[in-house]
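The values are calculated or read from the model by the stated rules, or taken from the named source; none is laboratory data. Everything numeric in this text was worked out from a predicted model, so none of it was measured. Here Cβ is always computed from backbone atoms with ideal geometry, including for glycine, and neighbour counts include all displayed protein chains.
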Amino acid sequence: MEDAMQNIFSSDDISDPADVAERWIEGGRTVAIATVIETWGSAPRPVGSHLVIDGEGNFHGSVSGGCVEGAVIAEAMDVIADGKPRLLEFGVADETAWRVGLSCGGRISVYVERVG
Amino acid sequence: MDISSLRAFNAARDARRAVLLLTDLTGGGERVIAPGNTVEEGLAVAVEDAFRSGKSRVVETGGRKFFLNVHLPPPRLVVIGAVHISQALASMAKIAGYDMEIIDPRAAFATGERFPDVRLYAEWPEDMLEARPLDAFTALAALTHDPKIDDYPLRQAILADCFYVGALGSRKTHAARIERLKATGLSDEQIGRIRAPIGLDIGAASPAEIAVAVLGEVIAALRKRGSGTG
């Protein structure tokens, strides 16, 4: 019974981005975490969703349905390089500022920071 | 973010503790906060609200912006009784994303053959709940009709402030149950939290239909938590 209890709450944590970030860091990788901190209108992923990125551009999780991940990963490379957090905004209204946008018509704000 | 913050945040989530990561978007830096921790005056209400609602959000106070990333434990469903309804409920709970377990000391009922895909404990609730206490993020459904098995976990669920407490049984059965629970020192208000007869009123007849009614009631209790309609 003891063993069964150890496993009770570990069911799906394996794929959780915050857990993945911790594992990657322990494995010696440099990591940035991107988090959806605000959404307006119809947004594909809720506030609090994470995308974790390492220095090689590997990533896990999502901050949108795939619409803006490429841009977030590119920014994350800079964040990893200089350690300065970035606040990114994506949406239809920002199409001139950003080459990517959300086809669903929503708008999201994403905070990207280096861990460690 | 400091690696120690990430570790503390993850450790709390793994241990089924509510936790909040407070990030200062203006000045940088973050803090890991547990329910009841003291926070700056301008953030106290927002932090309390986040712990109640489970909703993460940005808050502006004193000219600074903060992100409150709150994590509440995933809902757990503890079912007392390895009965026919529990068999149907086990499949449905899994689909709906509820972490379900069944406790029934009757070895003839609690067999792996009858329950292949759910955690099953052929133990007395007294023993199981001491080892793995109920909490506010847990729903409890007592389905055996047997006072020897159901009464103790029902009482514990009320004391642990489980977000849902339901008990199977006719009105007559429940009236007798109320008297027994009163004798243990629970108030009318506390006992009134028990949903009985169990399940949403959808005219459920078969065990599978009753399972739908129970799961629907559990979902409603979780989603309407604190809104006064739950």
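Restricting region B:1-24 to residues that are in contact (Cβ under 8 Å) with a residue 12 or more places away in the chain and in a loop (DSSP other than H, G, I, E, B), the residue that is surrounded by the fewest Cβ atoms within 10 Å (Cβ to Cβ) is B:ASP2. Just the residues that are over 14 Å from B:GLN190 (Cβ atoms) and surrounded by fewer than 24 Cβ atoms within 10 Å (Cβ to Cβ), please, taken from region B:151-163. Of everything in region B:151-163, those that are over 14 Å from B:GLN190 (Cβ atoms) and surrounded by fewer than 24 Cβ atoms within 10 Å (Cβ to Cβ) turn out to be B:TYR152, B:PHE163.
Do the conditions hold for A:ARG99, that is, is it touching a strand residue (DSSP E or B) at 6+ places or on another chain (Cβ under 6 Å) and either at pLDDT 85 or above or exposed (fewer than 13 other Cβ atoms within 10 Å of the Cβ) (or both)? Lay out the reasoning, then the answer.
Details: touching a strand residue (DSSP E or B) at 6+ places or on another chain (Cβ under 6 Å): no; either at pLDDT 85 or above or exposed (fewer than 13 other Cβ atoms within 10 Å of the Cβ) (or both): yes.
In short, no.
Collect the residues in region B:25-55 that are more than 9 Å from chain A (Cβ to nearest Cβ) and assigned to a strand (DSSP E or B), keeping them in residue-number order. Within region B:25-55, B:ARG31, B:VAL32, B:ILE33 qualify.
Within region A:46-55, the set of residues being surrounded by fewer than 19 Cβ atoms within 10 Å (Cβ to Cβ) and more than 9 Å from chain B (Cβ to nearest Cβ) comprises just one member, A:GLY55. Of all residues in region B:53-75, those satisfying the criterion of being crowded, with 16+ Cβ neighbours inside 10 Å and among the polar types (S, T, N, Q) are B:SER56, B:ASN69. Annotation: of all residues in region B:61-74 being within 12 Å of chain A (Cβ to nearest Cβ), in contact with a helix residue (DSSP H, G or I) (Cβ under 7 Å, 6 or more places away or on another chain) and not β-branched (Val, Ile, Thr), the one that is nearest to B:GLU101 (Cα to Cα) is B:HIS71.
Scanning region B:103-121 for residues that are touching a residue at least 24 places away in the same chain (Cβ under 8 Å) and either among the hydrophobic types (A, V, I, L, M, F, W, C) or not in a loop (DSSP other than H, G, I, E, B) (or both) gives B:ILE103, B:PHE109, B:ALA110, B:PHE115, B:VAL118, B:LEU120. Taking region B:122-190 and the helices (runs of 4 or more DSSP H) fully enclosed by it, the elements with 3 or more residues that are touching a Phe, Trp or Tyr at 6+ places or on another chain (Cβ under 9 Å) and modelled with pLDDT of 95 or more are at B:125-131, B:147-159.
Here B:GLU130 meets each of (1) away from chain A (no Cβ under 14 Å); (2) more than 24 Å from B:ARG223 (Cα to Cα); (3) not hydroxyl-bearing (Ser, Thr, Tyr) with one exception, condition (1).
Only one entry of B:ALA176, B:ALA205, B:ALA220 meets the criterion of being surrounded by fewer than 16 Cβ atoms within 10 Å (Cβ to Cβ), closer than 19 Å to B:ALA136 by Cα and hydrophobic (A, V, I, L, M, F, W, C), and that entry is B:ALA220.
Given B:ALA93, B:ALA50, which one is touching a strand residue (DSSP E or B) at 6+ places or on another chain (Cβ under 8 Å), farther than 20 Å from B:MET128 by Cα, assigned by TED's automatic domain parsing to the domain that holds B:LEU215 and crowded, with 18+ Cβ neighbours inside 10 Å?
Working: B:ALA50 fails: assigned by TED's automatic domain parsing to the domain that holds B:LEU215.
Exactly one residue qualifies, and that residue is B:ALA93.
Counting only residues that are in a strand (DSSP E or B) and under 8 Å from the mean Cα position of the chain (by Cα), region A:40-58 holds 4 of them.
Do we find that B:VAL58 is at pLDDT 95 or above and within 10 Å of chain A (Cβ to nearest Cβ) in this structure?
Working: at pLDDT 95 or above: yes; within 10 Å of chain A (Cβ to nearest Cβ): yes.
In short, yes.
Please determine whether any residue of region A:65-75 is in a loop (DSSP other than H, G, I, E, B) and of a type in the set (Val, Ile, Thr). Yes, because at least one residue in region A:65-75 is in a loop (DSSP other than H, G, I, E, B) and of a type in the set (Val, Ile, Thr). I'd like to know if region B:25-40 contains one or more residues that are out of contact with any Lys or Arg (no Cβ under 8 Å at 6 or more places or on another chain), surrounded by fewer than 21 Cβ atoms within 10 Å (Cβ to Cβ) and of a type in the set (Ser, Thr, Tyr). Yes, region B:25-40 has at least one match.
Here is a yes/no grid of residues against (1) modelled with pLDDT of 80 or more; (2) more than 9 Å from chain B (Cβ to nearest Cβ); (3) surrounded by 15 or more Cβ atoms within 10 Å (Cβ to Cβ):
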residue	(1), (2), (3)
A:ALA4	no, no, no
A:PHE9	no, no, yes
A:ASP13	no, no, no
A:GLY27	yes, yes, no
A:GLU38	yes, no, yes
A:CYS67	no, yes, yes
A:ARG86	yes, yes, yes
A:SER103	no, yes, no
A:GLU113	yes, no, yes
